[in-house]
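Undergrad: Shown below is the structure under consideration.
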């Protein structure tokens, strides 16, 4: 992760990039002109050295990737650039993924100068990819959030292999991963206890599992969701404390 000072510098560089290029009213820039913007982005925002660490028109099996970031002989990610006026599409993604797959590069950035999409290439059969993040550089209100993500593409983080840290976090929060935990015994037992306490009724494992699967598989309006608040310690103790038995009154001793 970048230090606080370097994050401030990154945000400042993003603001300058926006002012210098995105606020100029360009609308019909072609791909070659957009690359001039990306040259600035890679050097002044992400901190790479031109020529030494930024390889342009990188040949891959008779075709050319726009950029490959290479440090000390290690290729870390490629960058595929499309014209500023174009919207990024699945066709553009497939081109970038093919470049990476053919060259054994695990990360691909797809950009039109306005948006930055980062993909992890999955080397399976068939080759697959996962979008890790997508950033809109025109939105000044999200600069801090953008910087939190873009720092993983910054030279200082890339050389420390922190892209792998990002991938682990992304994989951990993947819906499929979380669904495995939601259907695990600890979570099912917790839900059963909470439902029993509130609704005064017992629920079987299968009933709760089916209900959780329904939650996973259906669309729910999140505006209607009110997270259950954690009970205070005293309330938890009171909930599990056995009821005090009613005692018979003491017998009266007749003299």
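Undergrad: Counting only the backbone N, which residues of segment 71-96 are under 14 Å from the spot 7 Å out from the Cα of residue 28 toward its beta-carbon?
TA: Flagged as within label range: 84-86.
Undergrad: For residue 219 and residue 40, compute 0.36 nm times the residue count separating them, minus their Cα-Cα distance, and round to one decimal in nm.
TA: Working it through step by step, the gained length comes to 60.2 nm.
Undergrad: A further question on this structure: Kirkwood Rh, segment 176-239, all Cα pairs: how many Å?
TA: Values: mean 1/r = 0.0753 Å⁻¹.
Kirkwood radius, segment 176-239: 13.3 Å.
Undergrad: From Cα pairs below 8 angstrom and at least 6 apart in sequence, can you work out the relative contact order of segment 176-239, rounded to a whole percent?
TA: Details: 23 pairs, mean separation 17.1, N = 64.
Relative CO of segment 176-239 lands at 27 percent.
Undergrad: Rounded if a/c is under 1.5, else prolate if a/b is larger than b/c, else oblate: which is segment 1-118, with a ≥ b ≥ c the root eigenvalues of its Cα gyration tensor? Before the final figure, lay out each step's value.
TA: Values: a/c = 1.87, a/b = 1.17, b/c = 1.59.
Oblate is the answer for segment 1-118, as a/c is 1.5 or above yet b/c matches or exceeds a/b.
Undergrad: Return the single residue from 36, 150, 88 with maximal mean-square fluctuation; model: Gaussian network over the chain, springs between Cα atoms under 10 Å.
TA: Looking only at 36, 150, 88, the biggest GNM fluctuation is shown by 36.
Undergrad: A further question on this structure: Full-extension gain between residue 56 and residue 156, please, as 0.36 nm times their residue separation minus the C-alpha to C-alpha distance. Display every interim value, and only then the final one.
TA: Values: separation 100, 0.36 × 100 = 36.00 nm, distance 2.06 nm.
Difference between extended and current length: 33.9 nm.
Undergrad: Give me 152, 123, 143 ranked fewest to most by other Cβ atoms within 10 Å of their Cβ, as a rough exposure proxy.
TA: Numbers: 152 22, 123 10, 143 18.
Least crowded to most crowded, the residues run 123, 143, 152.
Undergrad: So, in nm, how far is label residue 197 from label residue 5 when the simple model puts each one 7 Å beyond its Cα toward the Cβ?
TA: 4.9 nm
Undergrad: May I pose another question? Over the chain, with a Gaussian network built from C-alpha contacts below 10 Å, which listed residue (181, 48, 67) shows the highest mean-square fluctuation?
TA: The residue that fluctuates most here is 181.
Undergrad: What fraction of the DSSP beta bridges in segment 6-172 is antiparallel, stated in percent and rounded to the nearest 5?
TA: Values: 24 of 29 bridges.
Of all bridge pairs located within segment 6-172, approximately 85 percent are antiparallel.
Undergrad: Between 204, 32, 171, where does the largest GNM mean-square fluctuation fall for the chain, given springs only between Cα atoms within less than 10 Å?
TA: Highest fluctuation among the options: 204.
Undergrad: Using Cα centres only, tell me the gap between segment 26-75 and segment 106-164 in whole Å.
TA: Each part's Cα centre sits 15 Å from the other's.
Undergrad: Using the number of other C-beta atoms within 10 angstrom as an exposure proxy, rank 178, 78, 173, 46 with the fewest first. Please report the intermediate quantities before stating the final value.
TA: Working: 178 12, 78 26, 173 9, 46 22.
Fewest-to-most Cβ neighbours within 10 Å comes out as 173, 178, 46, 78.
Undergrad: Based only on Cα atoms, what mean projected area does the convex hull of the chain have, in nm²? Walk me through the numbers before you get to the answer.
TA: Values: hull surface 92.4 nm².
Seen from a random direction, the Cα hull of the chain projects 23.1 nm² on average.
Undergrad: Kindly provide the helix-only [θ] at 222 nm of the chain, computed as the sum of -39,500 (n - 2.57) over DSSP H runs of four or more divided by all residues, to the nearest 500 deg cm²/dmol?
TA: Working: 10 runs with 108 residues, N = 255.
About -12500 deg cm²/dmol.
Undergrad: Find how much the distance from residue 130 to residue 89 grows on full extension, using 0.36 nm per residue of separation minus their present alpha carbon separation; answer in nm with one decimal.
TA: On the way: separation 41, 0.36 × 41 = 14.76 nm, distance 1.44 nm.
Computed gain between residue 130 and residue 89 is 13.3 nm.
Readers should treat all values here as calculations from the given coordinates under stated rules, not as data from a laboratory. Nothing here was measured: the structure is a model prediction, and the numbers come from that model. We place every Cβ from the backbone using ideal geometry, glycine too, and count neighbours over all the protein chains shown.
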